[in-house]
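Readers should treat all values here as calculations from the given coordinates under stated rules, not as data from a laboratory. If you're wondering where the values come from, they're calculated on a predicted model, not measured in any experiment. For neighbour counting, all protein chains shown are included, and Cβ atoms are generated from backbone atoms with ideal geometry for every residue, glycine included.
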């Protein structure tokens, strides 16, 4: 090979040391224009965020204002249900029965009737021939308590002094009956402290008067004075009283089943309502009006039935005694049915509300519903102002009475309580159906106007 040919060959061969030019991109580079928002790139106070910042602050301000309005509208209702309850204790009735024909019965009765912190009233012995009748009357809520001066209280004390009876018990002279489970807060915090204080003052004064009178008559009688020494219980504090709690509040877990537990029940019903609303938005437009109305009632009631039964079963591991009034099984299933009705009454009320105000304002309605029910369940009506007389119509109030009857054997008004819950359910079924039909009719008219569809095909 010649030298010229070698040179030509080398020149034609590609060199491995020569860099290839970079490929030119055909996609134009996108640069954000001034003021344009970029994700994950801005601070809250950046100028580009001005519009969105205004929207956010406006929404938050409206929520704060609405929260304050609801707060000052609803919370005073609950505070008011407890405020100055001690000023209304004179509405708590106490029956006074004097079975003693002597001075003790007369003085104790007169002393109690002169007290004003509770409403004492006297009842003839002919109305209640025996103490068992008095006890039954208290359980049946004829009065909040009864004070019974026992037969021969005066003569028994006199005889004990005259014979020096060392075993004399002055506490048997007066018997007090009450039922704590009727409303344990009212009994423990108001009725019992006042009643015991009044009785202590009255019987102490009667005891001192009786002892002073006996000493005056027998001061010169050494034998009588000696017999008093043998029976010291007939001297100081010779008259007392005994408390009989006919329906003790002896199941603390009942607190979780009444007010607090019922708030939980309402919250679960609220969750079902919110979920059901989201589901309806997906399926509702494709259902006929008839199917949609059935869906709105049947679906939540079915969910309430399932959830309420499992809610009731939460009580079983904690050994709640459902057999105080009925059999254990009967009490349990009755409570399960009552819880279902209560959940339906509360839940369908939220179903009605969400149709009217929409899901955005439902938390505020939930607060209102909780407080309006809780306000009438914390204390009896006797200790609340007149504005709370709506209480017996509320679901919480009636559910609380039902569970007290089942587990404490208090006054049985379950038929009326269940009737009120059923009335709530029926009323809500009617209102939900009516409001749904009206809104559905409006949507159908709009749809027909936009599409020109045959009304018969979309009914």
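Data overview
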item	result
Burial order of peptide ranges 120-132, 412-424 (average beta-carbon count within 10 Å, highest first)	412-424, 120-132
Among beta bridges that DSSP assigns inside the chain, antiparallel share in %, nearest 5	25
The range 240-274 and the range 293-364: distance between their alpha carbon centers, rounded to Å	15
Pairwise FRET efficiency - residue 103 versus residue 426, Cβ, R0 = 51 Å, nearest 0.05	0.25
Dmax and Rg, reported as Rg then Dmax, of the range 241-284 (C-alpha, Å)	20.0, 69
Convex hull projection area averaged over all views, the range 225-362, Cα basis, nm²	14.6
Compactness index (Cα Rg / 2.2 N^0.38 Å), the range 104-230	1.23
Separation in nanometres of the label points that stand 7 Å from Cα toward Cβ, at residue 316 and residue 361	4.3
Cα Rg over Rh - the range 254-458, Kirkwood	1.05
Ranked list, fewest to most other Cβ atoms within 10 Å of each Cβ, for 211, 352, 44	44, 211, 352
Label-reachable residues, the range 344-368, where backbone N falls under 18 Å from a point 7 Å from residue 306's Cα toward its Cβ	344, 347-348
Angle in degrees between helix 395-408 and the longest Cα principal axis of the chain, rounded to the nearest 10	50
Evaluated over the range 353-459, the Cα radius of gyration and Dmax, each in Å	20.4, 65
Theoretical FRET efficiency, 1/(1+(r/R0)^6), r = Cβ-Cβ of residue 163 and residue 125, R0 25 Å, to 0.05	0.35
Separation in nanometres of the label points that stand 7 Å from Cα toward Cβ, at residue 264 and residue 204	4.4
Label-point gap, in nm, between residue 171 and residue 133 - each point 7 angstrom along Cα→Cβ	2.8
Within the range 85-245, percent of DSSP bridges classed antiparallel, to nearest 5	25
Sorted peptide list for 96-103, 65-72, criterion being average Cβ within 10 angstrom, highest first	96-103, 65-72
Normalised contact order of the chain, rounded percent, pairs of Cα under 8 Å and 6 or more residues apart	17
R0 of 45 Å, Cβ-Cβ distance residue 110-residue 386: FRET efficiency to nearest 0.05	0.90
Rounded to whole Å, sorted largest first: equivalent-ellipsoid semi-axes of the chain, Cα gyration tensor	79, 30, 22
Theoretical gain in end-to-end length, residue 243 to residue 87 [0.36 nm per residue, Cα-Cα removed]	53.7 nm
Residue-span extension gain [residue 188 to residue 64] - 0.36 nm each, minus C-alpha spacing	40.7 nm
Degrees, to the nearest 10: 50-82 long Cα axis against longest axis of the chain	10
Semi-axes of the equivalent ellipsoid for the range 286-353, Cα gyration tensor, largest first, Å	32, 10, 10
The chain: calculated mean residue ellipticity at 222 nm from DSSP helix runs of at least 4, using -39500 (n - 2.57)	-19500 deg cm²/dmol
Order by protection proxy (mean Cβ within 10 Å, highest first), peptides 369-375, 216-222	369-375, 216-222
Folded to 0 to 90 degrees: helix 259-283 orientation relative to the chain principal axis, Cα	30
Spherically averaged projected area of the range 314-379 from its Cα convex hull (nm²)	6.0
